[in-house]
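Below: one structure in structure tokens.
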Amino acid sequence: MTTKDQGPLHGPALSADLLIRALALGGDRPAIVEGGRTWSAAAVADEISRYAQVYEHWGIGVGAPTATLSGNRAEVLVQLGANMVTGARSTALHPMGSLDDQAYVLEDAGIDTLFYDPASFEDRAFELQARVPGLRLVALAPTPDAEDLQTLGSAFGSRRLRRPAVGPDTIYQVAYTGGTTGRPKGVVGTCGSQVALTNILLTEWDWRPGVRFLCCTPLSHAGRTAFLPTLLRGGALVVVPGFDPDRVLDAITRHSVTTTILVPTMIYRLLDETKVTAAEIPTLERIFYGASAIAPTRLAEGMDRLGPVFFQFYGQAECPMTVAVLRPDEHRLDHPDRLASCGRPVPWLDVALLDDDGREVPSGQPGEICVRGPLVMQGYLNQPEQTAETLRGGWLHTGDVARADEDGYLTIVDRKRDVIISGGFNVFSREVEDVIASHPEVAAVAVIGVPDARWGEAVKAVVVRRSGAVTEAELIALVRDRKGAVSAPKSVDFVAAIPLSPLGKPDRKALRAPFWPADGRQVN
């Protein structure tokens, strides 16, 4: 009997089951804290039940395509819970996304109901409705311009939460990629892959009983993954509007926060804009970080200031959050190469480094990280050719190029499409970035390839200085000494800030734009 055919006797627990049981066990314990509001687990369950009854009144049930556009607020988590217990399909619009990209996502995913935050996105919601005929707008808080879930839900009494009629193969969400290399792609995730993610987070990450988790990254993305693990550990989610170093430190102190997720650019700001040390935030036990590479020298600085609190995760939308992890005790200052690693694969997945012919590369050689297992996406929505290409040979091809050391630690050296080919030699931008970032006067760096008549592509470094002391010649010489002449930048541009994608990663597309034809190929 296959998993999808299993009935109640042998059926697996899915996300709705875990949510319902966690809230029932939580009772009067705090579950969500936002500003001056504290919601107990029982209160969250009651509000989810009211939202779910509004869904049912409108006929929003299993598979119904819904989207959410909001900043960080408690109602986003409650609405996420309502989707779980009704089986509605979720798609999060990035709050920093453009009107064109957001409209594209709504149309591509066939969304007919958009839940939005009226405090920040009232105008954008109505712009989207004008672009997507038939789109129903539902606010997450009272507003004179649209129906809202809070008011509509208050007409219903609370009732016991029930699992919807879904199975492991039911589509749970369609999550769109950042779109930095073209139109965003809709990554189809199932109820089975979602519960696999929760299981892996609970077993491979460090979620301690009574965790108090600070949500300062967007709840449209990584922030929401903390919802179930926190509740299952009897903890509470502390929601703040977004990342600001002073606000984050205040929330950690005020609410005795133990755990949070940050992207590397946030860690840099925390270090650069505050003088915080571990002694000032003694409750903080874990900073989970990922989404882009971190400079080893900045990581070492963070460890020196904040202690052994760092935990790295590596994944992507197509296989989210936790293909590999680097645990706190594996962050070794006496092993500098280890700080450049994204860790070792988790045992739930089959991970290999493959060459262009699908063969495993020799130890120590670069190869594409390829994955098989329960986290892998079902495919890209409405894109069968790209699905077949990405899942060719029975593997998810991540596009990330890495080397593995003798202990199995993976170090990502580049995105496959971002390899710079200069004079016929491969230059991995991550390796050059790590060398430049080791200079004490460098705050941030990104390395790209630009067209060059002699070399085909030339290595260019884009650098944010801490002060004006470091020169182009110094940085070029530094890389030449560490990596050789081929990897040494031909030029260095000093800038005030490196542009970031909506996901907080260095936006290489924007960095390349001034140097490459708008509609031409991006290699020479």
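Of the residues 320, 366, 362, only one is in contact (Cβ under 8 Å) with a residue 12 or more places away in the chain, over 25 Å from residue 447 (Cα atoms) and of a type outside the set (Gly, Ala, Ser); which?
Of the residues listed, the single one that is in contact (Cβ under 8 Å) with a residue 12 or more places away in the chain, over 25 Å from residue 447 (Cα atoms) and of a type outside the set (Gly, Ala, Ser) is 320.
As an exercise: evaluate residue 352 against (1) touching an Asp or Glu at 6+ places or on another chain (Cβ under 6 Å); (2) over 30 Å from residue 475 (Cα atoms); (3) not in a strand (DSSP E or B) and give the number of the one condition it does not meet.
Condition not satisfied by residue 352: (3).
In addition: Given the criteria more than 22 Å from residue 70 (Cβ to Cβ), assigned to a helix (DSSP H, G or I), at pLDDT 95 or above and out of contact with any Lys or Arg (no Cβ under 6 Å at 6 or more places or on another chain), does residue 269 qualify?
no
If you don't mind, there's one more thing I want to ask. Going by the structure shown, is residue 136 farther than 30 Å from residue 9 by Cα, in contact (Cβ under 8 Å) with a residue 24 or more places away in the chain and of a type in the set (Lys, Arg)?
So residue 136 passes the test.
Does residue 289 meet the test of being under 19 Å from the mean Cα position of the chain (by Cα) and under 19 Å from residue 411 (Cβ atoms)?
The answer is yes for residue 289.
Can you pull out the residues in region 26-50 that are among the hydroxyl-bearing types (Ser, Thr, Tyr) and in contact with a strand residue (DSSP E or B) (Cβ under 8 Å, 6 or more places away or on another chain)?
38, 40 - these are the residues of region 26-50 that are among the hydroxyl-bearing types (Ser, Thr, Tyr) and in contact with a strand residue (DSSP E or B) (Cβ under 8 Å, 6 or more places away or on another chain).
Taking only pairs six or more apart or across chains, which ones have beta-carbon atoms under 7 Å, a first residue in region 141-160 that is under 25 Å from residue 123 (Cα atoms), and a second residue that is surrounded by 15 or more Cβ atoms within 10 Å (Cβ to Cβ) and of a type in the set (Lys, Arg)?
153/50
Which residue pairs have Cβ atoms under 7 Å apart, sit 6 or more places apart or on different chains, and have a first residue in region 164-177 that is under 16 Å from residue 85 (Cα atoms) and a second that is at pLDDT below 95 and in a loop (DSSP other than H, G, I, E, B)?
Once the first residue is under 16 Å from residue 85 (Cα atoms) and sits in region 164-177, its partners that are at pLDDT below 95 and in a loop (DSSP other than H, G, I, E, B) give 168/12.
Continuing with the same structure: Quick check on my filter: what residues within region 512-524 are part of a loop (DSSP other than H, G, I, E, B) and either at pLDDT 85 or above or open to solvent by less than 30 Å² (accessible area, probe 1.4 Å) (or both)?
513, 514, 515, 516
Here's another thing I want to ask about it. Condition (residue is in a strand (DSSP E or B) and modelled with pLDDT of 95 or more) applied to region 326-338: is it met by at least one residue?
Looking for residues that are in a strand (DSSP E or B) and modelled with pLDDT of 95 or more, one finds at least one in region 326-338, hence yes.
Among the residues of region 285-306 satisfying the criterion of being part of a loop (DSSP other than H, G, I, E, B) and aliphatic (A, V, I, L, M), which is farthest from residue 212 (Cα to Cα)?
295
Please name all residue pairs, on different chains or six or more residues apart, with Cβ atoms under 6 Å, provided the first residue is in region 380-395 and is among the hydroxyl-bearing types (Ser, Thr, Tyr) and the second residue is assigned to a loop (DSSP other than H, G, I, E, B).
Matching pairs, first to second residue: 380/185.
Among the residues of region 179-186, is any open to solvent by less than 20 Å² (accessible area, probe 1.4 Å), under 24 Å from residue 288 (Cβ atoms) and out of contact with any Phe, Trp or Tyr (no Cβ under 6 Å at 6 or more places or on another chain)?
Within region 179-186, not a single residue is open to solvent by less than 20 Å² (accessible area, probe 1.4 Å), under 24 Å from residue 288 (Cβ atoms) and out of contact with any Phe, Trp or Tyr (no Cβ under 6 Å at 6 or more places or on another chain).
Step by step: first the residues of region 218-232, then only those that are within 20 Å of residue 319 (Cα to Cα) and touching a Phe, Trp or Tyr at 6+ places or on another chain (Cβ under 7 Å), then the one that is surrounded by the most Cβ atoms within 10 Å (Cβ to Cβ). Which residue is that?
226
Picking from 405, 400, which residue would you name as being charged (D, E, K, R), touching a residue at least 40 places away in the same chain (Cβ under 8 Å) and closer than 25 Å to residue 199 by Cα?
400
In region 42-83, how many are under 26 Å from the mean Cα position of the chain (by Cα) and not basic (Lys, Arg)?
Residues meeting the conditions: 23.
Also, I was wondering about something else. Hey, does region 248-261 have a residue that's open to solvent by 10 Å² or more (accessible area, probe 1.4 Å), within 21 Å of residue 500 (Cα to Cα) and in contact (Cβ under 8 Å) with a residue 60 or more places away in the chain?
Looking for residues that are open to solvent by 10 Å² or more (accessible area, probe 1.4 Å), within 21 Å of residue 500 (Cα to Cα) and in contact (Cβ under 8 Å) with a residue 60 or more places away in the chain, one finds none in region 248-261, hence no.
Consider region 382-400. How many of its residues are crowded, with 18+ Cβ neighbours inside 10 Å and under 19 Å from the mean Cα position of the chain (by Cα)?
Here the count works out to 4.
Filter region 28-45 down to the residues that are part of a loop (DSSP other than H, G, I, E, B) and modelled with pLDDT of 95 or more, then identify the one that is surrounded by the most Cβ atoms within 10 Å (Cβ to Cβ).
Once the filter is applied, the top-ranked residue is 29.
Report, ordered by the first and then the second residue, all pairs with beta carbons closer than 7 Å, sequence separation of six or more or different chains, a first member in region 58-74 that is closer than 14 Å to residue 242 by Cα, and a second member that is acidic (Asp, Glu) and surrounded by 22 or more Cβ atoms within 10 Å (Cβ to Cβ).
70/117; 71/117; 73/117
Follow-up. Residue 265 - would you say it is polar (S, T, N, Q), open to solvent by 20 Å² or more (accessible area, probe 1.4 Å) and farther than 15 Å from residue 218 by Cβ?
no
The values are calculated or read from the model by the stated rules, or taken from the named source; none is laboratory data. Just so we're clear, the structure is a prediction, and the values are computed from it rather than from any experiment. For neighbour counting, all protein chains shown are included, and Cβ atoms are generated from backbone atoms with ideal geometry for every residue, glycine included. Just so you know, the surface numbers come from the protein's heavy atoms only, side chains and all, with ligands and any DNA or RNA stripped out. Shrake-Rupley method; radii C 1.70, N 1.55, O 1.52, S 1.80 Å.
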